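Asker: I'd like to ask some things about the structure below.
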Amino acid sequence: MKGYAKYFRKKIVWFIVTFIAAFLLNFFLPRLMPGDPVAAIVARMAQGQSNATGVQAIYKQYTELFGTNKPIHEQFFLYVKNVFHGDFGFSFSQYPRTVANVLKTSVWWTLGLQFPAIIVGFFIGNILGVLAAYLRGGYDKALMPVSIFVSGLPAFGMATILLVIFGVTFKLLPTSGGYGFDLIPTFSWTFIWSVIVHFQLPFWSIVLIAIGGWAIGMRSMSIYELNADYVKYSRFMGIKDTKIIQYVFRNAMLPQITGLALAIGTMVGGALVAEIIFSYPGLGTTLLSAIRGQDYPMISAATLIITIMVLVANFAIEILYGFIDPRIKAAQSD
Amino acid sequence: MKNTLQQVFHSGKFVVGFTIFTFILLMVIIFPLLVNTPPLGIISQGSTQGSFLPPGLYVNVYDSIATTPYTLNLDDAAAKRIASRLSPADRTAIKEWLVKAGIPENEIDTTDTDTLLDLWASNYDPGKEMSGMTFAKTRYYQRLDASLQGLLSTQGLTIAAAGTDTLQAAGSVAQSDYVNVTEVPNVRLLALGTDNFGRDVLPELVSATGTSLLIGLVAGVIATTIGLVLGLAAGYIGGVVDDIITFVNNLFIVIPSIVVLILISYSIGQEKRGPVTIAVVIGLFGWVWTAKAVRAQVISLRNRDHVNMSKLSGHPIAMIIFTDILPYIASYVIMAFILQISTAILSEASLSILGLGPKTSSTATLGLMMNWAMVYMAPSLGKWWAYMPVIVVIALVSFSLNLMNTGLDQVYNPALRE
Amino acid sequence: MSEVMLEVRDLTTKYITRYNEDIYAVDHVSLKVEEGKTLGIAGESGCGKSTLALSLMGYYFAPLHYTSGEIIINGRNITGMDPDVVRKSILGTEIAYIPQAAMNALNPTRKIIDFIEDVYQAHDEYKSKKEIYELACECCSILGLPETVLQKYPVELSGGMKQRTVIAVSVILFPKILIADEPSSALDVTSQKMVIKMLKDLMKDGFIKSMIFITHELPLLYNVTDDILVMYAGQIVEKATAKEAVFDPLHPYSKGLMGSIIVPEKGLREVKLTAIPGVPPNLKNPPPGCRFVPRCRYARAECAASVNLRNLEGGRSYRCILSERELRDAYRMEAEQNARK
């Protein structure tokens, strides 16, 4: 374990730095434009609102909580403090619910959908890639154009296609929501089954796109590895091809894992839009309704949560990589 | 250079991608010249009746009545007329009723329209008690009967004009009257129907594609330029400059770009969001991967012999960069540029779907069309023409750019060739 | 009479390029290696020595294809054998190959001992991990490698160490024949010496029964080998004992080759350096006759027609239409001319 200390230290420091940067960005970007972002919104809302007192209450609470009448650096620290208390203020569009209250459920839906989808897509894509590199021939020629096409398709494109084929034309799977409209979340079998069924289309949209992207990269990496000297030598020592594929897979996966850490941000972005297509009750849909409802606190909080999720995932993968690649450990000990 | 071009155009993938992309580009440029419709003109009412008109050839009925008809006696005209009003489900229902009424099943042939209708006409009795039939079903048969009246008649229709108090016969239409569509003054081909606002989808789509491509191009140029400059600076100058640039670079790679785009777009506010603004915003934050790739290349080139030779010969830095380094990274830059265009178009689409795209009233982009389709529930309503063509175009644009890139990759990286 | 470990008769193998052209990198080669002997194969880059080595294993991968000829290892004719049988019973157990630049031959993400286990497993030898570890340790100690090497990853070893480890792994199943392809080219001089010593010890101690040593470093040949084959453009142009080949080469190419070395050996000090002008022919369309014609000082019109291997007594042979006498006379005259300059 000692050998890893330097590597871990570096990664933890990086994590903390990016964490802080995320907060800074999240706070300062919207305030780049002149004027208080909230005041403008509230003013707009107040014009059409019949419930003037309601609007006042929201605005007052927001000003108190985030100190919009104070100098900017004080505001920032207030902001950070509030976030760590889990307090994001009231939601403008769903008053009297608080932002935290709304996000609490959304986050789990998104995590539950995207986390397995990205991982499954990653693994299947890489396995298909290495097989294409090894088997060559017809399989390879069929896989390549399909992968290029699928990987170029945006996630919402695949989502819409699947929606139309399976949801509308063949009416096999539901097209919106996380579970049946008539159900209340309980631990009953009907509910769980409904969740699983509603899970399918969004899940497979994300997975299929991911497969396309990773398969191509893995294929290139595997071709490169298959021409490596150690493959030839292993063959000459009599090692079976099935074992050789394992070697190649292992070695080609390593840079892919690094790639995954870097690509998580983009993949999550695409997956969020896919969620919207299905009105899946995750962060994507929440963001959409927040934007439509000019719900600034919600937007700010949702983007922050998304960023933090990505950062944590990135950190976790980097740490995991340290354990998997023996060269990291070796580089530490000398 | 010529040799590379030759190789590039030999690569199957590149050529296919290039062809598709050029085709789309040409369509965008030439279509508005040929077809004079304003892309955002609303041609049908935006109500529930007037939105989402399905694709087809729309012939002005008023004008076609006034147009001189020709008589055509086509054998299957009557059958087609009947078929459009008597669906297979209806025929089966008729058969069921007749069977229940006591007619032996083997005498009923649902494909023989004449006999079927004869049997129906002679046997149907709205008042007859049928066991086990729901009230709804009874009403269904009554409606069916009403709609079948006169189905087999060969009489035409009379057109009446509204006079002072009474209707006056103003003309007649026989069942064998046909008009030549080209003689009807007002015919409109809505190849892709209309969208939720009532706009003709095809011109709108072409215009939207053009705007999206423009956004992609502008964003791509900005992103690639920034990436190139930063990558060169970081790679060639090294030291503190490199550390800073790499730090910022890695930061923006990890933080999801869509978050940054959302925050900025939102704060700019809808009023100020034109397509070019969006393009600039996307470009300003899309340079990360290009910078990374350029920097890596420059670092590997920095210590090559020819660069050292130039340094020893006392060439100024600018010249070294232009003549010794740029040619070698040109391939990466081109590939990165193509990738940036593709990413930018998709980023704009994502932003628009979220509602943060360019202002909706003045322009159309591919993302905006998707957004409207989603907001107005087009997929669930089955109005495929409002979003499928958009997705196809997005997919084709992405696909062609990706193909071009893969083709280029194979040219520059011989190990990947098949 | 010592046993013949490896006998190759008229072997021809080819590369099929992407454009479907055939390149006969090994053209009707015959050779014999006896027990206890080391055969050296010399020639410039691209003459086909490595391809010959690969072809001898009996295991072909595209783009290399077997065309004709026979390979008999230890009495077993492996030509046309089922690849799976070859893999299990020939590769590693009868004949083993140490590749060029063996530093990269080890899987970077696998510990040495794990790889050795894989090798045993691939040959259907069911030994326990403990047994394998003990065998590996024994092998290491015999070969002068520290045991700690086994638990390491290749990245943790130095270049010379990696080379010796690869040799150790190659002989772990006690193959009868070891093919060493440029085993010392990529190393520093001290490591080179250790590697050569290791190989010689392997022969001396009987771990391997015979060895084929491929190199373009001619000074090594005299030190290490018993017999030498000189290859040019896919063909064997001379076969002789080490002493004969180095001090009394017959074929003009061998003569040129030996003339281009600086070797502080007795008797060679006064020889002037010569270089052989020109490049080897393109093997896509090899000429029907002697392939050395464009670069040969003694070429005649008949050379381009056809030329076969001439066999002399004592097992020596060379591929030239000129007789022994003619060649020796020509060389002597040249030597005298050079001495006069």
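The values are calculated or read from the model by the stated rules, or taken from the named source; none is laboratory data. In this text the structure is predicted, and so the values were computed from the model without any measurement. Here the Cβ is made from the backbone with ideal geometry for all residues, glycine too, and neighbour counts use every protein chain on show.
Asker: Which number in (1) within 29 Å of residue C:3 (Cβ to Cβ); (2) exposed (fewer than 15 other Cβ atoms within 10 Å of the Cβ); (3) modelled with pLDDT under 80 marks the one condition that residue C:77 misses?
Answerer: Exception for residue C:77: condition (3).
Asker: It is to be established whether one or more residues within the stretch A:238-261 are touching a strand residue (DSSP E or B) at 6+ places or on another chain (Cβ under 7 Å) and within 30 Å of residue C:116 (Cβ to Cβ).
Answerer: Yes, the stretch A:238-261 contains at least one residue that is touching a strand residue (DSSP E or B) at 6+ places or on another chain (Cβ under 7 Å) and within 30 Å of residue C:116 (Cβ to Cβ).
Asker: To continue, here is another question. On the basis of being over 30 Å from residue C:340 (Cβ atoms), surrounded by fewer than 15 Cβ atoms within 10 Å (Cβ to Cβ) and either modelled with pLDDT under 80 or out of contact with any strand residue (DSSP E or B) (no Cβ under 9 Å at 6 or more places or on another chain) (or both), does residue C:284 make the cut?
Answerer: yes
Asker: Restricting attention to the stretch C:111-145, which residues are within 22 Å of residue C:162 (Cα to Cα), facing chain A (nearest Cβ under 7 Å) and not aliphatic (A, V, I, L, M)?
Answerer: C:118 - this is the single residue of the stretch C:111-145 that is within 22 Å of residue C:162 (Cα to Cα), facing chain A (nearest Cβ under 7 Å) and not aliphatic (A, V, I, L, M).
Asker: Scan the helices (runs of 4 or more DSSP H) fully inside the stretch A:239-334 and keep the ones with 2 or more residues being out of contact with any helix residue (DSSP H, G or I) (no Cβ under 9 Å at 6 or more places or on another chain).
Answerer: Once the helices (runs of 4 or more DSSP H) in the stretch A:239-334 are filtered for at least 2 residues that are out of contact with any helix residue (DSSP H, G or I) (no Cβ under 9 Å at 6 or more places or on another chain), what remains is A:241-277.
Asker: Residue C:256 fails exactly one of the following numbered conditions: (1) under 20 Å from residue C:43 (Cα atoms); (2) at pLDDT 75 or above; (3) not in a helix (DSSP H, G or I). What is the number of that condition?
Answerer: Residue C:256 satisfies every listed condition except (3).
Asker: Residue by residue through the stretch C:80-92, note down the ones that are within 15 Å of residue C:125 (Cβ to Cβ) and buried (at least 18 other Cβ atoms within 10 Å of the Cβ). Full working, then the answer.
Answerer: Step one: list which residues in the stretch C:80-92 are within 15 Å of residue C:125 (Cβ to Cβ), which gives C:87-92.
Correct list: C:87, C:90, C:91, C:92.
Asker: Listed residues C:69, C:36; which is modelled with pLDDT of 85 or more and assigned to a loop (DSSP other than H, G, I, E, B)?
Answerer: The match here is C:36.
Asker: While we're on this one: Can you name every residue in the stretch A:250-281 that is touching a Phe, Trp or Tyr at 6+ places or on another chain (Cβ under 9 Å), more than 14 Å from residue A:206 (Cα to Cα) and more than 7 Å from every other protein chain (Cβ to nearest Cβ)?
Answerer: A:252, A:254, A:256, A:257, A:258, A:259, A:260, A:261, A:281
Asker: Which one of B:280, B:294, B:307 is touching an Asp or Glu at 6+ places or on another chain (Cβ under 6 Å) and either over 15 Å from residue B:343 (Cα atoms) or in a helix (DSSP H, G or I) (or both)?
Answerer: B:307
Asker: I've got another one for you. Residues B:53, B:74: which one is assigned to a loop (DSSP other than H, G, I, E, B) and farther than 24 Å from residue B:195 by Cβ?
Answerer: Working: B:53 fails: farther than 24 Å from residue B:195 by Cβ.
Of the residues listed, the single one that is assigned to a loop (DSSP other than H, G, I, E, B) and farther than 24 Å from residue B:195 by Cβ is B:74.
Asker: Anything in the stretch C:324-341 that is within 12 Å of residue C:298 (Cα to Cα) and under 29 Å from the mean Cα position of the chain (by Cα)? List them, or say none.
Answerer: C:327, C:328, C:331
Asker: Which one is farthest from the other protein chains (Cβ to nearest Cβ) among residues in the stretch A:124-159 that are outside any helix (DSSP H, G or I) and not hydrophobic (A, V, I, L, M, F, W, C)?
Answerer: This residue is A:136.
Asker: Identify the residue in the stretch B:343-369 that is in a helix (DSSP H, G or I) and within 7 Å of another protein chain (Cβ to nearest Cβ) and, among all such residues, is nearest to residue A:289 (Cα to Cα).
Answerer: Result: B:353.
Asker: While we're on this one: Name the residue that is nearest to the other protein chains (Cβ to nearest Cβ), counting only residues in the stretch A:105-123 that are within 16 Å of residue A:210 (Cα to Cα) and aliphatic (A, V, I, L, M).
Answerer: Restricting to residues being within 16 Å of residue A:210 (Cα to Cα) and aliphatic (A, V, I, L, M), the top hit is A:118.
Asker: Further, regarding this structure: Starting from residues that are touching a residue at least 40 places away in the same chain (Cβ under 8 Å), away from chain A (no Cβ under 11 Å) and part of a helix (DSSP H, G or I), keep the ones in the stretch C:163-180 and report whichever is nearest to residue C:38 (Cα to Cα).
Answerer: C:167
Asker: Among the residues of the stretch B:172-190, is any modelled with pLDDT under 75, under 48 Å from the mean Cα position of the chain (by Cα) and part of a loop (DSSP other than H, G, I, E, B)? If you could, list the steps in order and put the result at the bottom.
Answerer: Taking the stretch B:172-190 as the starting set, the residues that turn out to be modelled with pLDDT under 75 are none.
Checked against the condition, which is being modelled with pLDDT under 75, under 48 Å from the mean Cα position of the chain (by Cα) and part of a loop (DSSP other than H, G, I, E, B), the stretch B:172-190 yields no hits at all.
Asker: So residue C:262 ticks every box in (1) within 22 Å of the chain's Cα centre (by Cα); (2) at pLDDT 75 or above; (3) β-branched (Val, Ile, Thr) but one. Which box is left unticked?
Answerer: The one condition residue C:262 does not meet is (2).
Asker: Need the failing condition index for residue C:68 against (1) hydroxyl-bearing (Ser, Thr, Tyr); (2) surrounded by fewer than 21 Cβ atoms within 10 Å (Cβ to Cβ); (3) at the interface with chain A (Cβ under 9 Å from one of its Cβ atoms), just the number.
Answerer: The failed condition is (3).
Asker: When the stretch C:236-249 is examined, which residues are found to be at pLDDT 85 or above and closer than 20 Å to residue C:308 by Cβ?
Answerer: Passing the criteria: C:236, C:237, C:238, C:239, C:240.
Asker: Return only the number of the condition from (1) at negative phi; (2) in contact (Cβ under 8 Å) with a residue 24 or more places away in the chain that residue C:124 does not satisfy.
Answerer: Failed condition: (1).
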